[in-house]
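In what follows, a structure is listed as structure tokens, so that the remarks can point back to it.
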Number of protein chains: 2
Amino acid sequence: MAKDCVFCNYPSRKIILENKLAFAIYDRYPVNQGHMLLIPQRHFPDVFSATDEEVLALNSLTREVRDYLQGKYNPDGFNIGINLGKVAGQTIFHLHIHIIPRYLGDVKNPRGGIRNFKENIVRY
Amino acid sequence: MAKDCVFCNYPSRKIILENKLAFAIYDRYPVNQGHMLLIPQRHFPDVFSATDEEVLALNSLTREVRDYLQGKYNPDGFNIGINLGKVAGQTIFHLHIHIIPRYLGDVKNPRGGIRNFKENIVRY
């Protein structure tokens, strides 16, 4: 546990789903309705540092989050994504996996999905 | 195995790394140098359908791909992403996980990472 880490000190009343090794919360700055984060209970920065048990716990929670979001918002698809390192956009150095529900018509041309993150940023 | 699936019929000479349940190839339309795809050997569309063994094989291969790319291109970070469903940008319905190396300066403002995929597409 890291003293100054927002995820290590996350208020339990805001946790939506949880198992022994991972928990799920809503993203504070959602890209789409129902944007959630999956987070290991243990503090470590990247997915490469997860134990097999943590990988399976995160995977199991991913399915639960999918079911939860499907029941609540009925999305038409999902993007799952991880930013690893500051140059990749990571701002909190406790692993978190974005689960972003997608809805028919939420972008004009969905082809490419997460593949588009770069081409478009460059246009700023 | 699906007869018409490009990943089920992928030429073995183009496979970069492989284990019993998963393999890694270069993306045909790379977003950055070293953009690779991790793919289960078995044909299924989404990560929710993977067995525990497949999840661990994909995770193990992710580490190998990281080491391979680190040695070859020395990136400063990575984005990992999955598009699930047509509205999320999925075009081949055999699960594939994007591993995109990131390099200092490859975009003007990296903050947000995969979170930016939507905001920017909307500007088209």
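The values are calculated or read from the model by the stated rules, or taken from the named source; none is laboratory data. Note that the coordinates shown come from a computational prediction; the quantities given were computed from them, not determined experimentally. Every residue, glycine among them, receives a Cβ derived from its backbone with ideal geometry; neighbour counts consider all protein chains shown. The protein model used for the area step is the full one, side chains on, heavy atoms only, and it has no ligands, DNA or RNA in it. Shrake-Rupley method; radii C 1.70, N 1.55, O 1.52, S 1.80 Å.
Some observations on this one:
- Volume in Å³ per residue [convex hull over Cα atoms, computed for the stretch A:17-120]: 107
- Remark: the stretch A:36-41, residue by residue, has Karplus-estimated 3J(HN,Hα) of 10, 10, 9, 9, x, 5 Hz, where x stands for each Gly or Pro and the curve is 6.51 cos²θ - 1.76 cosθ + 1.60 at θ = phi - 60°.
- Couplings 3J(HN,Hα) of the stretch A:16-25, computed from phi: 8, 9, 7, 9, 5, 10, 8, 9, 10, 9 Hz, in residue order, whole Hz [Karplus 6.51 cos²θ - 1.76 cosθ + 1.60, θ = phi - 60°; x for Gly and Pro].
- Surrounding net charge for A:HIS43, when Lys and Arg each add one and Asp and Glu each subtract one, Cβ distance under 12 Å: -1
- Take the stretch B:17-120 with all the other protein chains still there, run a 1.4 Å probe, and you get 42 Å² of accessible area per residue.
- Summing +1 for each Lys or Arg and -1 for each Asp or Glu among the other residues whose beta-carbon sits under 15 angstrom from that of B:ASN9 gives +4.
- Normalising the average separation of contacting C-alpha pairs (under 8 angstrom, six or more residues apart) by the number of residues puts the relative contact order of the stretch A:17-120 at 32 percent.
- Shown for the protein assembly as shown: the carbon plus sulfur share of the solvent-accessible area, taken with all protein chains present and a 1.4 angstrom probe, equals 52%.
- Close Lys-Lys pairs in chain B, where close means Cα under 22 Å and separation is 8 or more or interchain: 6
- B:GLY77 long-range amide H proximity, modeled H, under 5 Å: B:ARG102
- Accessible area that becomes buried as B packs against A, both chains, 1.4 Å probe, Å², nearest 100: 5100
- Two-site FRET efficiency, B:MET1 against A:ILE16, from Cβ-Cβ distance with R₀ of 25 Å, rounded to 0.05: 0.10
- Using only alpha carbons, the stretch A:15-75 has a radius of gyration to Kirkwood radius ratio (Rg to Rh) of 0.98.
- Across the stretch A:87-101, rounded Karplus estimates of 3J(HN,Hα) from the backbone phi angles (6.51 cos²θ - 1.76 cosθ + 1.60, θ = phi - 60°) give 5, 8, x, 6, 10, 10, 8, 10, 2, 8, 10, 6, 10, 10, x Hz, Gly and Pro being marked x.
- Other-copy label distances relative to B:ASN109, 7 angstrom Cα-Cβ extension, nm: 2.4
- Convex hull volume per residue, computed on the Cα atoms of the protein assembly as shown, equals 126 Å³.
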